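Notes follow the structure.
The values are calculated or read from the model by the stated rules, or taken from the named source; none is laboratory data. In this text the structure is predicted, and so the values were computed from the model without any measurement. Cβ placement follows ideal geometry from the backbone for every residue including glycine, while neighbour counts extend to all protein chains displayed. What goes into the accessible areas is simple: the full protein's heavy atoms, side chains included, and nothing from ligands, DNA or RNA. Shrake-Rupley method; radii C 1.70, N 1.55, O 1.52, S 1.80 Å.
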Amino acid sequence: MDYAAAAPNDPQSHGSAPGVITLDNLSVRFGGRPILQELRGELRGRAIGLLGPNGAGKTTLIHTLLGFHPPSSGTARIFDRDIRGDANQIKSLIGYMPERDSFISKMSCVHFVRFMAELSGLPPAAALERAHEALFFVGLGEARYRNVDTFSLGMKQLAKLAQAIVHGPKLIFLDEPTNGLDPPARQRMIKMIREIRDSGQAHIVLSSHLLRDVEECCEEILILKEGRLVVYCNLEEERKANKKFLMLETRGDQKAFAASLSTLGCEYAVTGEHRLKVILQDGTEIRDLYRLASAAQMQIRRLTFKRDSLEDIFLKAMENGAAELPLPVGEGRGEGVSGRTI
Amino acid sequence: MAVLERTYKQYEGRLTPEWSRFLIIPRHAYRDVFRSKLFTAFFALSFLCPLIFAILIYLHYNASALGLMRLNVRELLPIDASFFEAYVVIQGVTGFFLTMLAGPQQVSRDLTNNALPLYLCRPFSRSEYVVGKMSIVIILLSAITWAPGLLLFLFQGYLEGWSWFAENIWMASAIFLGSLVWILVLALMSQTISAWVKWRVAARAALLGVFFVSSVFAGVVNQLFATRWANIISLYNLIANVWAGLFGLFVRRTSEIQEFRQGRVIREVVMSEPPLWASWFALFLICAFCLWLLSRKVKAYEVVK
């Protein structure tokens, strides 16, 4: 199947096309110790966030998908190619930005990125051209003739990103891309990741322990704990769903207002003297609430859309640990999977 | 060039054939290697010996040049198997020093800077990486050993005539095979040492040690135990035997030690060199051991057990 033809950001393509990453009971053991345990699921998003506390197995999962560690049982597929049998084909489709400092010393940045492009199979002239382009894209255009050894941490992160995208991969693994970056540099990195995502030319897997980074970039979230998948969450679905979940701050006769809400079929909960939580039903508009409030002689002082933040989801997952529900396999996108603690 | 577009885009052009990608490593490595003036000078000097050997061949067939130098052709080295063996030995030793300068930093630099994941996350296998790193030494040493050696052979064949060439064609294979075996041993050893010893100076010392210390150690063991079998651990003896064997000059030397007391022989020890096959086998074992060590070290990430 020609994956280049199916634009990653085309929602229509998700229903029938195979997932970006399919985990099929994937387990990895090191020296008899289980590191990843029976991971299952199909990921289809443009940007997939991999979350978990230190030692949860995020990096091991990425390394296994890259073919660095052999699975002890089960397997995984990337663009419907098996990581056990089609490793080389898979590697030609992916880019990888490692967590640790990784570069080749005594090379100028453009030489380093060009070298990496050539190893990915680009002819020398095309590799050089794309190396320049990639370095301009990440913002290292002016520093591209400097040796990578002399770069600051932030510049090294950018150089690592440049080598990961220089050959134009269809799937990019970013392992803690904002590590050690100051706030402006972090913002730039996040902006670039979003740009790549929004270009529709590549899928991104972003591994991080920084919830904000993941929340800002990703639409699908996997949370790992002790080598198990504990949460699969489709943030995009979550965002859509939670537009109907409102927090109201009121003044006036709240009881009468609350009673009239049930006539609209809305569920509600009184959370304080002047506070209400309301779940809007389909077909109910916010203006209906204002109409009811007016009729009940009540003021709506503040109305906010409320949803579980990623932090809430993460903390809940860490408390609850692994449960038994599997991730959706071969289902349509976001079909009842949003914000699910497994 | 579209550097001003600054957008992410996929590459849709043609790709290089997979089999040729290991050659990218030596191509880029030579930029760094030839930046050293010492190395460049030494590399240029390594062509001195082939030049001298070419002159010697030329002198055999040029009466006026011999007359000018007031030499008789019988005073010159004969152009036979020992002539070409001497060439292989001299260039082999030169190649060893060249390897010492170029080899030890190749893998260690990648390990120190965690660069292996960058290689191995691409359609580039561990074996291609090892072959690529080895070819840095293989190509360099080929340029100073068997390649000019074969040219010398062709030169001699051209001057002496077709019958000599046809009779002695086996010498060409001896030049090629003898050099190649030594190059492979050196390439494997230098990359293995480079993978395990990160400090460049220490890695060079280790390579020197493997070559010289093993010979000294073998000599001591031979003396202590009145044997010649310790030559099996001397890298120099091993390769010298292999070269001699390829050129048909291997002689299994035997010596005797007699211990006298009051004019009577009380003990007689006969010492024989190990047979030729033992040298080949020992070299094979060394290469296999190096490969095993390399395979343990050349990994994207080391799993701490």
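Summary of computed values
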{"quantity": "Peptide A:93-102, shielding by other chains (average Cβ, 10 Å cutoff)", "calculated": "4"}
{"quantity": "Neighbourhood charge, 12 Å Cβ-Cβ cut-off, centred on A:Arg188 and excluding it, Lys, Arg +1 and Asp, Glu -1", "calculated": "+1"}
{"quantity": "Protection proxy ranking, peptides A:86-93, A:148-155, B:182-189, average beta carbon neighbours within 10 Å, highest first", "calculated": "B:182-189, A:86-93, A:148-155"}
{"quantity": "Percent antiparallel among DSSP beta bridges (both partners in the protein assembly as shown, rounded to 5)", "calculated": "75"}
{"quantity": "Local electrostatic count, A:Thr263, Cβ distance below 15 Å [Lys/Arg +1, Asp/Glu -1]", "calculated": "-1"}
{"quantity": "Efficiency of FRET from Cβ geometry, B:Thr112 and A:Met247, R₀ 56 Å, rounded to 0.05", "calculated": "0.55"}
{"quantity": "Loop-resident sites, segment B:1-75, for GluC sites (Glu not before Pro), counting at most 14 other Cβ within 10 Å (DSSP)", "calculated": "B:Glu5, B:Glu12"}
{"quantity": "Size of the B/A contact, given as accessible area buried on both chains, probe 1.4 Å, in Å²", "calculated": "4300"}
{"quantity": "Heavy-atom accessible area order for A:Arg130, A:Arg287, largest first, 1.4 Å probe", "calculated": "A:Arg287, A:Arg130"}
{"quantity": "A:Val230 long-range amide H proximity, modeled H, under 5 Å", "calculated": "A:Ile223, A:Leu224, A:Lys225"}
{"quantity": "Cα-projected label distance for B:Glu160 with B:Arg14, points at 7 Å along beta-carbon direction, nm", "calculated": "4.6"}
{"quantity": "Computed FRET value (nearest 0.05) for A:Gln297 with A:Glu267, which takes r as the C-beta separation and R₀ as 22 Å", "calculated": "0.45"}
{"quantity": "Pair B:Val93, B:Arg267: separation of 7 Å Cα→Cβ label points (nm)", "calculated": "3.5"}
{"quantity": "Estimated distance in nm for a label pair at B:Leu76 and B:Ile169, the labels positioned 7 Å out from Cα along Cα-to-Cβ", "calculated": "2.6"}
{"quantity": "Theoretical ellipticity at 222 nm over chain B - DSSP helices of four or more residues, -39500 (n - 2.57) apiece, nearest 500", "calculated": "-21500 deg cm²/dmol"}
{"quantity": "Size descriptor, Kirkwood hydrodynamic radius, that averages inverse alpha-carbon separations across segment B:1-104, Å", "calculated": "18.6"}
{"quantity": "Carbon + sulfur, % of accessible area of the protein assembly as shown - ligands and nucleic acids excluded, 1.4 Å", "calculated": "57"}
{"quantity": "Burial of 10 Å² or greater, segment A:148-174 residues [accessible area, probe 1.4 Å, versus chain by itself]", "calculated": "A:Gln163, A:Ile165, A:His167, A:Gly168, A:Lys170"}
{"quantity": "Positive-pole candidate from B:Val107, B:Ile139, B:Leu154, dipole of segment B:99-218, charges at beta carbon", "calculated": "B:Val107"}
{"quantity": "Accessible area expressed per residue, segment B:33-144, with surrounding protein chains retained (probe 1.4 Å, Å²)", "calculated": "42"}
{"quantity": "Charge context of B:Phe53, other residues only, Cβ under 15 angstrom, K/R +1, D/E -1", "calculated": "-3"}
{"quantity": "Stretch gain in nm, segment B:Leu23-B:Leu45, where the contour uses 0.36 nm per residue and the Cα spacing is subtracted", "calculated": "5.4 nm"}
{"quantity": "Heavy-atom accessible area ranking, 1.4 Å probe, most first, across A:Lys106, B:Lys297", "calculated": "A:Lys106, B:Lys297"}
{"quantity": "Simple Cβ-charge dipole of chain B, Lys/Arg +1 and Asp/Glu -1, about Cα centre, in debye nearest 20", "calculated": "1200"}
{"quantity": "Filter on A:Lys160/B:Lys297; A:Lys225/B:Lys299; A:Lys91/B:Lys198; A:Lys91/B:Lys133; A:Lys91/A:Lys170 - keep pairs with C-alpha separation over 19 Å", "calculated": "A:Lys160/B:Lys297; A:Lys225/B:Lys299; A:Lys91/B:Lys198; A:Lys91/B:Lys133"}
{"quantity": "Surface/4 of the Cα convex hull for the protein assembly as shown, nm²", "calculated": "43.1"}
{"quantity": "Positive-pole candidate from A:Gly67, A:Tyr96, B:Val251, dipole of the protein assembly as shown, charges at beta carbon", "calculated": "B:Val251"}
{"quantity": "Average accessible area per residue (Å²) across segment B:187-259 - probe 1.4 Å, nucleic acids and ligands excluded", "calculated": "51"}
